[in-house]
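A quick write-up on the structure given underneath.
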Amino acid sequence: MIQTAFDASRGWDALARLRQQAPLVHCITNYVAMDVAANALLAIGASPAMVHAEEEAADFAAISAALTINIGTLSPPWVRGMELAIGSAAARGTPWVLDPVGAGATPYRTGVAADLARRHPTVIRGNASEILTLAGEVGGTKGVDSTRTPEEAREAASALAASLGCVVSVTGAVDHVTDGTRTLAIHHGDPMMTRVTALGCALTVITGAFLAVEKDPVHAAAYALAFFGLAGEMAASGSIGPGTLRVRLLDALYILDTQTDKQLRIQPVA
Amino acid sequence: MIQTAFDASRGWDALARLRQQAPLVHCITNYVAMDVAANALLAIGASPAMVHAEEEAADFAAISAALTINIGTLSPPWVRGMELAIGSAAARGTPWVLDPVGAGATPYRTGVAADLARRHPTVIRGNASEILTLAGEVGGTKGVDSTRTPEEAREAASALAASLGCVVSVTGAVDHVTDGTRTLAIHHGDPMMTRVTALGCALTVITGAFLAVEKDPVHAAAYALAFFGLAGEMAASGSIGPGTLRVRLLDALYILDTQTDKQLRIQPVA
Amino acid sequence: MIQTAFDASRGWDALARLRQQAPLVHCITNYVAMDVAANALLAIGASPAMVHAEEEAADFAAISAALTINIGTLSPPWVRGMELAIGSAAARGTPWVLDPVGAGATPYRTGVAADLARRHPTVIRGNASEILTLAGEVGGTKGVDSTRTPEEAREAASALAASLGCVVSVTGAVDHVTDGTRTLAIHHGDPMMTRVTALGCALTVITGAFLAVEKDPVHAAAYALAFFGLAGEMAASGSIGPGTLRVRLLDALYILDTQTDKQLRIQPVA
């Protein structure tokens, strides 16, 4: 596999562009995540908008720099709004992210996730279980219900990316981004982040913000993971629990530039 | 009334089981409460999931260790999802909690609360006004609109529990749990907690988590009240206002074990 | 223009009444704002309730001291609930506030905002863009898409207020409240507040709380702006980012009385 050289320091340039451009990110996300996702976008410098109704989802996607779709608390009227927004974004070449929350938990949820995944998202962002489910549904990969090692998740992500022609961003103890050919490993974050709800959903909308300012979606997704994870580390340091961590995470996204160690831990995987 | 001996220290064993098992708690709750309820469950060690759509509510309840139903921002599609989830939980013997938020405020709300209360919840968790309303609607108790003293609330809770064959958990300056025969009084909490929205709703989902690890629902509901109130005390100490209290409450749920005074203030009521 | 003398210190009396009466504020607001709006009302001393369903919106408005309508995440069922609540409030002379979030962004949203604006709100509370849009839609003012200077926004607010016979509260670097004849400028707040989601929505519900305890809606809207902005200043001082600012804002609303400088910066505009 030919791996183009990757210079993680360019992530800081992307962050500077994000803050200068303040891209409008159209989010159709779940009820639990709306508050923290909007606050994460504002803290890092983007402009969030939560707009879901069928009556305006397409119109709003048309004026946005990126679209993010999250099925956490899905229902048929919301899915129709998602489909309309996706169609509008696709017609304009606007990048969009799919977060298949809970794919695999119920037949309805798995079916909607698979259907949306086939609509050519720029990036699919999920955890290992969700990505393994989608790989099985969409790509015909076997072994969805097998033990889910990080290695299996990475391989399923690669297969899913190749099958759908999109980028897959899969989170875990180490995160991976892949387009089926190129794969990057991102070594950031803190275990206490798993004790705060909807941080994966917040990462998804941050991924949308980076897609608005960085043309290569592999790089955009990796930068989102690196900066969100870095902010999580800054927040976890000194936090006695998840309540404080969440507050400090938003602060950290706002003051990322003050970080003196500019080394983003993003590495190509051979 | 025969009162079996109650050993409050067993609450710590239940908490340890909760943290070890990390039960999946299916929550159909209101829009205001979703964030703090999910974060409270994560902080204490459970796994929350907010799933409400008719298309998957029954399927999701079937894979959960407990179900919690909260009517705070109810509407007909959500009530249908609640009914399907309740049916699924009942079919499997999965414990479930009803939080009749605002029962008594409007005819629609009171009617839905009474209807759900008749579907054999394991525990009903509400404030004095809500429990008095339900006791009047369901049990035929008179005096719903009378002055609501703590004593009246406790008696209405006992009557409601006996009438429905469930456990009632009623909150106030002192909290009470009763199955109509056994009654426990829980002396924990802080008045500033009433200045943070949806903490009662968060307590309801925590009650669900304890039902998943403790077979006696009187004990489970009492442990939830004691630990949530204890965390509230830990959080209120040194908080200048409700913003800080909420953050520190989530931290406190996470670090309950560090509390050196292990005495839970739960007492049988003769 | 004749300007009646305005004594800003009376704002503290209104705040004292608010805390004593704890008015019930019926909020139909967006999913993003519900948590922070409810917490802001509780922190300042009011009683929030989020109730949107057609089945009970009118009944609930009938028992509330004020109603606030926010179209941030609107959809047809919610708009029907809004209309029923407004009709109920109007029938009883209950004051109500309209927050036309995102008016101008899509035709659906602009149309709903204009329709609700024509239903005689006591106060319309929005940012410059939203007020300019409404002034164009409802009042026939030209130049909606022109450069939006604070001066233009103030003039549009005055025209909109005169056209609709209501009070308009428009926020920006300096906030203004006008009924088309009297105009007050409010000099409070901090720029970091724009990096926290839904604070405008929280201000709207606080405006509703002041309308419940202060008969002159120009004064009520100005007090809401002054106290909310003052709390924002108290919160921003020493906050390193928007996560901390939001927590401390809720604390500050709770402890406004401890402020030693009682000077509210509200000034009549000639």
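The values are calculated or read from the model by the stated rules, or taken from the named source; none is laboratory data. Please read all numbers here as calculations on a predicted model, not as lab measurements. Cβ sites come from the backbone with ideal geometry, for glycine too, and all protein chains shown count toward neighbours. Accessible surface areas use protein heavy atoms only, side chains included; no ligands, DNA or RNA. Shrake-Rupley method; radii C 1.70, N 1.55, O 1.52, S 1.80 Å.
Figures for the structure shown
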{"quantity": "Pseudo-label separations to other copies for C:Ala62 - Cα-to-Cβ vector, 7 Å, nm", "calculated": "4.3, 4.3"}
{"quantity": "Residue among B:Arg92, B:Arg125, B:Arg246 with the largest mean-square fluctuation in a Gaussian network model of chain B, springs linking Cα atoms under 10 Å", "calculated": "B:Arg92"}
{"quantity": "Relative contact order (percent, whole number), chain C, Cα cutoff 8 Å, 6+ residue spacing", "calculated": "21"}
{"quantity": "Distant-in-sequence amide H partners of C:Thr68 (H built 1.01 Å from N, under 5 Å)", "calculated": "C:His26, C:Cys27, C:Ile28, C:Val97"}
{"quantity": "Under 5 Å, built H, 5+ apart or other chain: amide partners of C:Ser47", "calculated": "C:Leu24, C:Val25"}
{"quantity": "Helix runs (DSSP H) in chain B reaching 20 Å along axis by Cα, Kyte-Doolittle at least -1.0", "calculated": "B:76-92, B:150-164, B:217-236"}
{"quantity": "Helix-only mean residue ellipticity at 222 nm for chain A, each DSSP H run of n ≥ 4 adding -39500 (n - 2.57), per residue, nearest 500", "calculated": "-15500 deg cm²/dmol"}
{"quantity": "Cα-based shape type of segment C:10-268, given that a ≥ b ≥ c are square roots of the gyration tensor eigenvalues and the cut on a/c is 1.5", "calculated": "rounded"}
{"quantity": "Karplus (6.51, -1.76, 1.60) ³J(HN,Hα), θ = phi - 60°, over segment C:187-192, in Hz, Gly and Pro reported as x", "calculated": "10, 9, x, 8, x, 5"}
{"quantity": "Rough spin-label spacing in nm, given labels placed 7 Å along Cα→Cβ, for C:Trp12 and C:His187", "calculated": "2.0"}
{"quantity": "Accessible area in the full protein assembly, largest first, 1.4 Å probe, for A:Asp190, B:Asp257", "calculated": "B:Asp257, A:Asp190"}
{"quantity": "For chain C, share of DSSP beta bridges that run antiparallel, in % to the nearest 5", "calculated": "35"}
{"quantity": "Peptide A:102-112 - average C-beta neighbours from other chains (10 Å radius)", "calculated": "4"}
{"quantity": "Averaged over C:236-245, number of beta-carbon atoms from partner chains that fall within 10 Å", "calculated": "6"}
{"quantity": "Inter-copy spacing of B:Lys262 label points, which lie 7 Å from Cα along Cα→Cβ, given in nm from shortest upward", "calculated": "5.3, 5.3"}
{"quantity": "Nonlocal amide H pairs with C:Asn127, under 5 Å, H built at 1.01 Å", "calculated": "C:Thr171"}
{"quantity": "Sequence-separation-based contact order of segment A:1-58, relative, with Cα cut under 8 Å and 6+ spacing, percent", "calculated": "36"}
{"quantity": "Those aspartates and glutamates that a straight Cα-Cα span of less than 18 Å connects to A:Lys215, excepting residues fewer than 8 apart in one chain", "calculated": "A:Asp7, A:Asp13, A:Asp179"}
{"quantity": "Nearest-first distances (nm) between copies at B:Pro76, label 7 Å from Cα via Cβ", "calculated": "1.3, 1.3"}
{"quantity": "Average Cα contact separation per residue, segment B:12-163, under 8 Å, 6 or more apart, as relative contact order %", "calculated": "17"}
{"quantity": "Cα-based Kirkwood hydrodynamic radius, the protein assembly as shown, one decimal, Å", "calculated": "27.0"}
{"quantity": "Chain B: most fluctuating residue of B:Ser47, B:Ser237, B:Ser129 per GNM, C-alpha cutoff 10 Å", "calculated": "B:Ser237"}
